[in-house]
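Reviewing the structure listed below.
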Amino acid sequence: MKRRMMNQLSFGLACASLSVASITNASAMAGEPVLELHSVGLYDWPANEKDRMVTDAFRMLRDRLDDLAGEMDFDPEQAQLMKMGWDLLTARSALRLAPTDDGIDASFVLEPANGSTESIHQQLSSLAMMGGMEFEDQGNGVAQTMGPMGPMNLVFDKDRVWIAMGESEPASLEISGAGLPDGCEPIMSGRVDVNAMLQMFAPEIAAEFENNSEMLAGSGMSLLVGPDASVLEFAVGVDDESMHMVSRMIGAQAAMEAMGNTERTLFTKQDLHSVPVDAVQFRAMPTNIAGTLETLDTAMELSGENPLAEIEREIGVDIVEDILGNIGDRAIYYQSDSTGGGGLTSMVVLLDLRDADSMATAHGKLIARLNELAAAQIDGYARVHTWEIEGETAFSMTAPGIPIPIEPSWSISDDKLVFTLTPMALGEALAQLNGRRGLSIVNDEGFRTSVLSRIPSEGAVSLYYTDSPRMAAKGYGMTNLLTSALANAARSPEHPDRVEGSLMPSYRAFVDGIAPMGGVSSWDGEDLVTHYFGDRSMLVQMASGLGTVADLQGIMVPAFVAGATLPALGKARERANQLKSSTQLRSIVQALIVYGSENNDQPPASVDVLVEQGLISWDLLVSPMASAYDGGPDYTVRLTEDAVSSFDALYIVAIDRAAYVNGEWAVSVGFADAHVEMIDSLQLDELLDMPRNKGAREDLQLPDF
């Protein structure tokens, strides 16, 4: 059984290997590459003291594969195959794919750190044979076969193994450091032309994008595909303190214009005074609402439907023109201590507005209508509350009576829409925006040295900042758990001491000297250049990411309480409505019997007679279980002589028809002896099928489901 499973695995690996080979073979090197990737590999990754124990443990996973092979009784060949897969995944590598006049120039090159290149060459050849492709030995380390896209070569020398198409030289293992700051050691680089790859391998899809370029205009997809697509080049490197990544979107200006951004939207240092000095997360970015609306219009035009028109008729506000159309081209997002402790609930979003007065008018109409609908549809369990704070009119989405752990709040202040998750955060955000808090993020030393110093004089397209020392400290505990998992994975019952002690530095050593994380995007001619940077340690970066969500634990308890309470509230409300339904139906049945006793056991001509004689009121004929969906009456009555004179405990007289046709599981039913029961739908159908209730479905106007 194990042998068969491994054979299946080997066959799958062979197929995967050959599918990679089919797009990574080399012929004459002509034209710019549509895909080029270079990586230093695990074993040549630059040393870092904080990560040293973790990287050592990760390398030991190769030895763990030996143990695993013995534990699962693998054949030696199968064990060797697993180790070869590890070596290939962790080796220094290069991939190049480019078009030529004859077809494709491609090669995939590996410089393994473990094992001889000849041995790996032989194993790859055997693996290919298992997949149905046989390489013939040509001598001098070259084996050849005919692949789906032409001759394929599997080659090795003393340092490298590569798969190629044609006779050109293999891709270079040299890693480009273009664009990286001086003193950076490059560890990864690449070039990606998504549009050209589509034209090479999926021309139908590329043509579809070309023909529907209007649909791409409002999305970031037009940066990568379509007639104005740009090309991405990037490089990653490290210096003594930080890791850097510099990307260049070549020709991005044309793509941005296709997205509707005809003018360059920029952020200057002056725009940053709206962010408090104690911000721990900060993003400033273009919104491209205009492009999104253009895409929406195109989609509705192509579909022939306009669902927004129905919404406009319902609420009386043009959502597109009056609300979305008034949102500007820039947005700022931040989390700070002053707005709520620096966690997710401290978030603030600032959106530029084109016409604040027009937005305020439309917003007022929208809020009034939403409150009307909430009162009518959900009995006021949700409503928008209007109040005053920091001299501004503010709004909050509240849930009266339900312990929801957040209260989204917002305000329109000058030319900004300010949105937060709590009223307190809104007050602080407004005070900062209106200059009543003094210091801003530009006064923070970490932000000044890492981000502010890199903003061009004309402004930046987007900005990013994370207080990594703060966030990594919060994420230290969770990162420690993950490194413990890695340590146990590297050990085995046979070698329980392979990894000893903690893989994490002490907390004091870990938090010492952490570099802030950030990024700046700016224009360089027609190209969009982005420089990301962060602490050199991968562990620090992981801890920083985990620290950003650590505060979720703080809202889990109220969220759990709300989750537990909502069903109970719903059940209580349902029970109250059922009780009211039964009470109203009892009054109707009693009125019917009283009328019969006063009129020689004859029923009234209609229910209206009971109302006209004052035996019931009109409001008793409206079901609390919601109106009947088909527009029919909510309560129906059998106007027969037996209904008013038989006093039969099984003879159905009246029913909450709305509950029945709306699919409620329990329905109020009245009987000729004046009693009322809540009866489930299955039992009710049995009663209706009894001989004594013949004709009841018709009398009560019940549909035949």
Within region 309-343: backbone nitrogen closer than 17 Å to the T361 label point (7 Å, Cα to C-beta): 316-327
In nanometres, the difference between 0.36 nm per residue of separation and the alpha-carbon distance of S484 and S506 is 6.5 nm
Pulled fully out, how much extra length does the chain show between I402 and D630, if you take 0.36 nm times their separation in residues and subtract their Cα-Cα distance? 78.9 nm
Amide H neighbours of G343 under 5 Å, at least 5 residues apart or on other chains, H built in the peptide plane: list them. none
Inter-label distance, nm, simple model (7 Å from Cα along the C-beta direction), Q270/T386: 3.4
Simple spin-label estimate for A47/V609, 7 Å along Cα→Cβ, in nm, reads 10.4
What is the helix-to-structure angle for 117-130, meaning the angle in degrees between its Cα long axis and the longest Cα principal axis of the chain, kept from 0 to 90 and rounded to the nearest 10? 50
Angle between the chain longest axis and helix 2-21 axis [Cα atoms, degrees, rounded to 10]: 70
Long-range amide H partners of T636 with built H, under 5 Å: I655, R657
Sticking with the crude label model, points 7 Å out along Cα→Cβ, report the distance from D648 to D689 in nm, one decimal please. 1.8
If you plug each phi of region 244-251 into the Karplus form 6.51 cos²θ - 1.76 cosθ + 1.60 with θ = phi - 60°, what whole-Hz ³J(HN,Hα) values come out, in order, with x for Gly and Pro? 10, 9, 10, 10, 10, 8, 6, x
Calculated from backbone phi, Karplus (6.51, -1.76, 1.60) coupling profile of region 411-425 in Hz, x at Gly/Pro: 7, 9, 10, 6, 10, 10, 9, 10, 10, 9, 9, 9, x, 4, 4
For the ranges 520-527, 269-276, 104-111, what's the packing order if you count other beta-carbon atoms within 10 Å of each residue, average per peptide, and put the highest first? 104-111, 269-276, 520-527
So for R0 = 60 Å, FRET eff. of N434-E210 from the Cβ-Cβ r, to 0.05, ends up at 0.80
Based on alpha-carbon atoms only, what is the radius of gyration of region 419-523 relative to the globular estimate 2.2 N^0.38 Å? 1.60
Would you be so kind as to identify which of G596, A626, L639 lies farthest towards the positive end of the dipole of region 565-699, taking Lys and Arg as +1 and Asp and Glu as -1 on Cβ and the Cα centre as origin? A626
The chain, helix-only ellipticity at 222 nm - DSSP H runs n ≥ 4, -39,500 (n - 2.57), divided by all residues, nearest 500: -11500 deg cm²/dmol
Pull out the extension gain between A368 and D704, defined as 0.36 nm times the separation in residues minus the alpha carbon to alpha carbon distance; nm, one decimal. 116.8 nm
Computed FRET value (nearest 0.05) for A254 with E134, which takes r as the C-beta separation and R₀ as 60 Å: 0.80
Please state the relative contact order of region 565-699 as a whole percent: Cα pairs under 8 Å, 6+ residues apart? 24
Roughly how many debye, to the nearest 20, is the charge dipole of region 565-699 about its Cα centre, given +1 on each Lys and Arg Cβ, -1 on each Asp and Glu Cβ, and no other charges? 480
Would you mind putting 438-446, 232-240 in packing order, based on average other-beta-carbon counts within 10 Å, highest first? 232-240, 438-446
Quotient of C-alpha Rg and 2.2 N^0.38 Å, computed over the chain: 1.34
At a Förster distance of 22 Å, what's the computed FRET efficiency of D524 paired with N443, Cβ-Cβ distance as r, to 0.05? 0.15
Dipole check, the chain, charges on Cβ (K,R +1; D,E -1), about Cα centroid: among I323, H121, A255 the Cα furthest to the positive pole belongs to H121
Inter-centroid distance (Cα atoms) of region 227-278 relative to region 377-401, Å: 38
M152 long-range amide H proximity, modeled H, under 5 Å: T145, M146, G147
In order through region 661-669: 3J(HN,Hα) via Karplus (6.51 cos²θ - 1.76 cosθ + 1.60), integer Hz, x for Gly, Pro: 6, 7, x, 5, 5, 10, 10, 6, 10
For region 565-699, state what percent of all Cα-Cα pairs lands in each successive 5 Å bin, counting from 0 Å until the bin that includes the largest distance. 2, 11, 21, 24, 20, 12, 6, 2, 1, 0, 0
Residue (of I175, M478, I332) at the positive-pole extreme of the chain, dipole from beta-carbon charges: M478
Taking the Cα centre as origin and putting +1 on Lys and Arg beta-carbons and -1 on Asp and Glu beta-carbons, what dipole magnitude results for the chain, to the nearest 20 debye? 2020
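No lab work stands behind these numbers, since they all come straight from the coordinates. The model shown is predicted, which means the values in this text are computed figures rather than measured ones. Here the Cβ is made from the backbone with ideal geometry for all residues, glycine too, and neighbour counts use every protein chain on show.
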